[in-house]
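Only the coordinates and a few stated rules stand behind these numbers; no lab work does. Everything quoted here is computed from the prediction, not taken from an experiment. Glycine gets a Cβ as well: all are built from the backbone with ideal geometry, and neighbour counts include every protein chain shown.
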Amino acid sequence: MSKSTKLTREQWNKLYAKLKQDHPLSTVIIRDKMQRVLGFVNRDFYSYDPYTNKHEDCVYLDWFDESKRTMFYLRYSEYIQQ
């Protein structure tokens, strides 16, 4: 597995909406198909640090195919960098 990409919840929501427009719904809701077609699966992450009293709510994209990762960044970088 390659590196993961960390997105805020807002970035992920915008990206997810665009993915649903560009791909069949089965591609974005079935993890195995998402991995085969897009090269990644999403992982929700939520943590709470009681010492600092801070919450972190984000989504990681866990990559399995480096070439699909490159193509994904070329196509969807505007949704990731906002």
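When the helix-only estimate is applied to the chain (DSSP H runs of n ≥ 4, each -39,500 (n - 2.57), divided by the residue count), what is the mean residue ellipticity at 222 nm, nearest 500 deg cm²/dmol? Write out the running numbers ahead of the final one.
Numbers: 4 runs with 42 residues, N = 82.
About -15500 deg cm²/dmol.
Please compute the net charge surrounding Gln21, taking Lys and Arg as +1 and Asp and Glu as -1 over other residues with Cβ under 13 Å from its Cβ. Could the numbers behind the result be given before it?
Working: positive: Lys14, Lys18, Lys20, Arg75; negative: Asp22.
Value of the local net charge: +3.
Just need log10 I(q)/I(0) for the chain at q = 0.21 Å⁻¹, Debye formula, equal scatterers on the alpha-carbon atoms, no solvent, rounded to two decimals.
Here the Debye-derived log intensity ratios amount to -0.98.
For segment 1-81, calculate the relative contact order in percent as a whole number, restricting contacts to Cα pairs under 8 Å that are 6 or more residues apart. Walk me through the numbers before you get to the answer.
Working: 102 pairs, mean separation 33.2, N = 81.
41 percent.
How far apart, in nm, are two points set 7 Å out from the Cα along the Cα-to-Cβ line at Glu56 and at Thr27?
Placing both labels 7 Å along Cα→Cβ, they lie 3.1 nm apart.
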